[in-house]
Amino acid sequence: MIEAALVFAFGCYGLGLLANLWRITRGPDVADRILALDTMVINLIAILILYGIWHGTAVYYEAAMLVAMVGFVSTVAYCRFVLRGDIIE
């Protein structure tokens, strides 16, 4: 039963990634593209967690933490670049 739920969750998050990719390419504004990229990182984190549950190993949880940290920093840096034109003051 858990395998069927995992396959369903993989499919849902995969569709979410495709929707975010569509929003990144067709976004009407830069802010929409930034939000889609941030949501894409969140979906990737969820997929890594699901993959860790499926294989029963903790390595993917640590990888999800690293992706979360890098995703947060990249979102903040991209927003600062859009607002100010530079990242480091």
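The values are calculated or read from the model by the stated rules, or taken from the named source; none is laboratory data. Keep in mind that what you see is a predicted model, and the values were worked out from it rather than measured. Here the Cβ is made from the backbone with ideal geometry for all residues, glycine too, and neighbour counts use every protein chain on show.
Does any residue in the range 29-42 that is among the small types (Gly, Ala, Ser) come within less than 8 Å, Cβ to Cβ, of a residue that is modelled with pLDDT under 90 and outside any helix (DSSP H, G or I) six or more places away or on a different chain, and which pairs are these?
Ala36/Gly27
Is there a residue being modelled with pLDDT of 95 or more and either under 14 Å from the mean Cα position of the chain (by Cα) or surrounded by 18 or more Cβ atoms within 10 Å (Cβ to Cβ) (or both) anywhere in the range 49-56?
yes
From the residues in the range 1-35 that are among the aliphatic types (A, V, I, L, M), surrounded by 14 or more Cβ atoms within 10 Å (Cβ to Cβ) and under 23 Å from Tyr61 (Cα atoms), which one is farthest from the chain's Cα centre (by Cα)?
Top of the filtered list is Leu6.
Looking only at residues in the range 63-89 that are under 20 Å from Asp32 (Cβ atoms) and among the hydrophobic types (A, V, I, L, M, F, W, C), which one is surrounded by the most Cβ atoms within 10 Å (Cβ to Cβ)?
Applying the filter and picking the extreme gives Cys79.
Those residues that are more than 23 Å from Val76 (Cα to Cα) and of a type in the set (Val, Ile, Thr), I need them from the range 1-57; list them, please.
Ile2, Val7, Ile49, Ile53, Thr57
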